[in-house]
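Some notes on the structure that comes next.
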Amino acid sequence: MTTEQLYNELNYVNHSREKRLFYANMMINHPELIPKLLDILFRVDDKISPRAAWVLEFMCSKDIETIIPYLDRFTENIYKVHLDPAVRPVAKICELLAKYYNSREDNRIKTELTKVHQERIIETCFDYMINDEKVAPKAYGMVALFLFGKHFDWVHPELKIILDRDYPKQSPAFKARARQILKKIKK
């Protein structure tokens with residue numbers, strides 16, 4: 001399947017779990033399509049870009065290790081993604097990577113996610129926190145920042161400053177997640 005054929009296929013992806021799962025499984029079963037999916041995701045001004053992000057998120061949720069060969073490309077380009085429906089799944093993937101990296105159980109993310117990858121994710125997640133993003137990317141970003149902050153001693157103090165500053169003017173959902181993160185930082 002060419003990139004353009006995959007692009008056309010993504011026209012059939014919608015918010016339904018069934019469609020996202022179908023295409024996520026396609027990526028897992030045909031990993032040679034993942035670079036093409038990333039090509040489409042990083043067409044950041046294209047209306048199909050979010051659909052590629054949805055599929056990538058479901059793929060990573062189902063089998064996070066499928067993204068390992070593409071961590072360089074993913075982390076080099078995530079800061080470019082700006083359409084709201086694409087930002088949320090990218091932020092979710094960042095959170096998943098942080099969770100697997102900090103997992104007590106052995107997994108390949110622990111050995112394959114380099115400091116450079118982590119720094120790029122941290123930078124992007126801080127952008128989510130300080131830019132005018134919706135609540136979901138901020139929530140996923142603050143979890144990823146908290147988890148990576150266990151390995152980068154400067155992250156927690158910076159995250160705390162942002163959470164304390166933004167707390168009064170944010171939504172109840174943001175406040176709930178911020179309270180959890182602030183409580184964990186203080187421990």
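The values are calculated or read from the model by the stated rules, or taken from the named source; none is laboratory data. Given the structure is predicted, the values throughout are model-derived calculations rather than measurements. Glycine gets a Cβ as well: all are built from the backbone with ideal geometry, and neighbour counts include every protein chain shown. Note: accessible area is taken over every heavy atom of the protein model, side chains too, but ligands, DNA and RNA are not part of it. Shrake-Rupley method; radii C 1.70, N 1.55, O 1.52, S 1.80 Å.
Could you tell me whether Arg120 is open to solvent by less than 90 Å² (accessible area, probe 1.4 Å), touching a Ser or Thr at 6+ places or on another chain (Cβ under 6 Å) and closer than 25 Å to Val81 by Cβ?
Yes: the conditions hold for Arg120.
Those residues that are out of contact with any Asp or Glu (no Cβ under 9 Å at 6 or more places or on another chain), under 20 Å from Val87 (Cα atoms) and open to solvent by less than 40 Å² (accessible area, probe 1.4 Å), I need them from the range 28-53; list them, please.
Ile34, Leu37, Leu38, Leu41, Phe42, Val44, Asp46, Ile48, Ser49, Ala53
Can you name every residue in the range 155-187 that is farther than 24 Å from Asp132 by Cβ and either touching a residue at least 40 places away in the same chain (Cβ under 8 Å) or not in a helix (DSSP H, G or I) (or both)?
Correct list: Lys187 only.
Report, ordered by the first and then the second residue, all pairs with beta carbons closer than 9 Å, sequence separation of six or more or different chains, a first member in the range 109-132 that is more than 18 Å from Lys150 (Cα to Cα), and a second member that is of a type in the set (Phe, Trp, Tyr) and buried (at least 21 other Cβ atoms within 10 Å of the Cβ).
Final answer for the pair search is Tyr128/Tyr140.
Just to be sure I understand the filter: pairs with C-beta atoms under 6 Å, separated by 6 or more residues or on different chains, first member in the range 1-22 and within 15 Å of Leu41 (Cα to Cα), second member in a helix (DSSP H, G or I) and open to solvent by 70 Å² or more (accessible area, probe 1.4 Å). Which pairs pass?
Val13/Lys19
Taking into account only those residues within the range 74-122 that are hydroxyl-bearing (Ser, Thr, Tyr) and not in a helix (DSSP H, G or I), which is nearest to Lys138 (Cα to Cα)?
Ranking the candidates gives Ser103 first.
Of all residues in the range 128-154, how many are open to solvent by 60 Å² or more (accessible area, probe 1.4 Å) and either at pLDDT below 90 or in a helix (DSSP H, G or I) (or both)?
2
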